[in-house]
1. Using square roots of five times the C-alpha gyration tensor eigenvalues, list the equivalent-ellipsoid semi-axes of the stretch 74-114 in whole Å, biggest first.
2. Given the peptides 347-354, 293-300, arrange them by the average over their residues of other C-beta atoms within 10 Å, most packed first.
3. Calculate one ³J(HN,Hα) per residue across the stretch 169-184 by plugging θ = phi - 60° into the Karplus curve 6.51 cos²θ - 1.76 cosθ + 1.60, and present them in order as whole Hz with x for glycine and proline.
4. Give the share of C-alpha pairs in each 10 angstrom bin for the stretch 439-496, from 0 to the last occupied bin, in whole percents, shortest bins first.
5. Rounded to the nearest 0.05, what FRET efficiency do D447 and Q486 give with R0 = 30 Å and r taken as the Cβ-Cβ distance? Could you check?
6. What is the sum of charges around Y154, taking Lys and Arg as +1, Asp and Glu as -1, for the other residues whose C-beta is under 13 Å from the C-beta of Y154?
7. With a Förster radius of 51 Å, plug the Cβ-Cβ distance of F373 and R283 into 1/(1 + (r/R0)^6) and report the FRET value to the nearest 0.05.
8. Can you divide the C-alpha Rg of the stretch 6-303 by 2.2 N^0.38 Å and report the result to two decimal places?
Amino acid sequence: MSDYRIQGATGEWEVVIGLEVHAQVTSKAKLFSGAATAFGAEPNAQVSLVDAAMPGMLPVPNRECIRQAVRTGMAIDAQINKWSRFDRKNYFYADLPQGYQISQLYHPLVGEGHIDIALDEKNPEDAKRIGIERIHVEQDAGKLMHDQHPTMSYVDLNRSGVALMEIVSRPDMRSPAEAGAYVRKLRTILRYVGSCDGNMEEGSMRADVNVSVRKPGEEFGTRTETKNVNSVRFIMQAIEYEASRQVDVLEGGGKIVQETRLFDPDSGTTRSMRSKEDAHDYRYFPDPDLLPLELDEAFLDECRASLPELPDAKRLRYENELGLSAYNADVLTAEVETARWFEALLAASAARQGKPDAAVAKQAANWLISELFGALNKLGVELENSPVSPEAGAELLALIGDGTISGSIAKQVLEKMLETGDGAAAIVEREGLKQESDTGAIEAAVDKVLADNADKVEQYKGGKEALFGFFVGQTMKAMQGKANPQVVNELLKQKLG
């Protein structure tokens with residue numbers, strides 16, 4: 001799927017990429033306590049005795065967190081393990097009050113699955129399958145905040161104990177673009193399922209990026225891991241820099257050290273954090289305070305039944321049942337909010353125009369992608385915050401559909417809708433924007449345009465057919481954009497012979 005290669009002095013090098021994505025589970029409480037998980041709270045305002053590791057406090061698994069992880073596994077066609085177990089990952093750090101993290105190593109909740117990615121927007125069916133090795137559930141650590149004073153740091157335990165899904169891919173990606181497509185697709189699936197909000201800016205989703213290089217066809221090289229990268233753009237930058245760095249090291253006669261690195265978004269570079277020799281020995285062992293998780297069929301059936309229509313299935317339905325192009329279907333299903341908005345627009349348009357969904361789908365899709373997206377982009381407004389609702393959009397489309405206004409007038413009406421919040425019909429009536437379909441009035445305008453441009457009429461009849469658009473434009477201008485374009489075209493064809 002990807003021809004990405006790094007050209008070195010000794011020939012081409014191939015990049016091998018695997019990602020470990022940490023996704024915060026959508027839940028009102030933490031993984032093992034009842035403390036809240038809302039973003040932006042005052043430091044240490046959402047900390048229970050369990051999160052603070054007070055003596056004698058025992059963890060109790062949050063059923064909703066387990067349910068969300070299982071639903072995520074089902075959404076990527078992964079194996080769901082009916083029996084899984086929590087382990088203690090032992091290390092000592094200021095933001096980890098227990099001195100260990102409760103995670104899963106040997107027996108994860110979710111086993112092997114996959115995600116299909118596409119790089120060509122016009123051919124989303126031309127996909128590559130990226131394997132997923134596992135999803136395990138673990139608790140997050142707290143956060144250190146460093147004062148300007150060089151000797152002071154503060155600990156915020158609000159995130160301590162928050163549920164995370166660690167989604168571990170296989171090393172199946174071969175370019176920064178493939179890694180970017182994988183993270184975007186994974187984020188889309190998580191948001192459809194509702195198991196993670198995917199907000200990378202707030203830290204709800206971040207990735208550890210594993211990169212190695214090799215000559216094509218050779219064994220895997222030594223990899224490095226760049227920790228906690230929190231945007232798709234930064235992930236791609238980190239891969240590009242790290243792969244080039246490794247090629248330079250190898251071609252200079254050096255060796256790649258298996259190490260943990262950090263990404264600097266300001267410079268777009270990575271730097272060493274610790275080498276393999278300094279890496280922690282986590283001394284995993286089964287958590288003695290937690291029984292193994294045992295899932296019954298009723299629980300799995302409920303999880304499966306709760307899944308929504310997923311993006312790939314929705315995209316194919318839009319193409320096959322609604323007749324949309326592959327590109328439009330891909331755009332409309334890329335974000336769950338867009339798909340919901342479009343379906344609300346579709347339902348309202350079908351009801352207003354008295355037609356089935358498929359009959360109005362192309363009009364609705366083209367208007368949403370070409371007109372509303374463009375207008376909102378100029379305003380810097382997201383679709384979910386649009387001043388124009390799906391019902392209001394359907395009202396505008398109905399006015400175009402029944403010939404009340406033309407497509408060009410509809411652009412003006414949309415601008416007024418976004419500016420004032422008024423409905424399309426009210427704006428058309430107030431501004432006097434109704435389309436003119438009076439054949440007599442349009443014919444008079446056509447006659448005048450042809451009379452005023454007799455030389456161009458002769459050129460048209462002499463074979464310069466591109467001038468037809470000129471005559472249409474001049475007639476529409478004379479009618480102040482209100483003439484019915486279909487009537488204009490028909491009259492011009494008649495009179496130009």
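No lab work stands behind these numbers, since they all come straight from the coordinates. Remember, predicted model here, so these are calculated numbers, not experimental data. Counting neighbours? That spans all protein chains shown, and the Cβs are built from the backbone with ideal geometry, glycine included.
1. Working: eigenvalues 153, 23, 9 Å².
Semi-axes (√(5λ), whole Å): 28, 11, 7.
2. Values: 347-354: 17.1, 293-300: 12.6.
In decreasing order of mean packing, 347-354, 293-300 become 347-354, 293-300.
3. 7, 7, x, 9, 8, 10, 7, x, 5, 5, 5, x, 5, 5, 5, 4
4. Histogramming the stretch 439-496 at 10 Å steps yields 25, 61, 14, 0 percent.
5. Numbers: r = 18 Å, r/R0 = 0.61.
The pair D447/Q486 has a calculated efficiency of 0.95.
6. -3
7. Numbers: r = 53 Å, r/R0 = 1.03.
With R0 = 51 Å, the Cβ-Cβ based efficiency is 0.45.
8. Values: Rg = 19.9 Å, N = 298, 2.2 N^0.38 = 19.2 Å.
Here the answer is 1.04, to two decimals.
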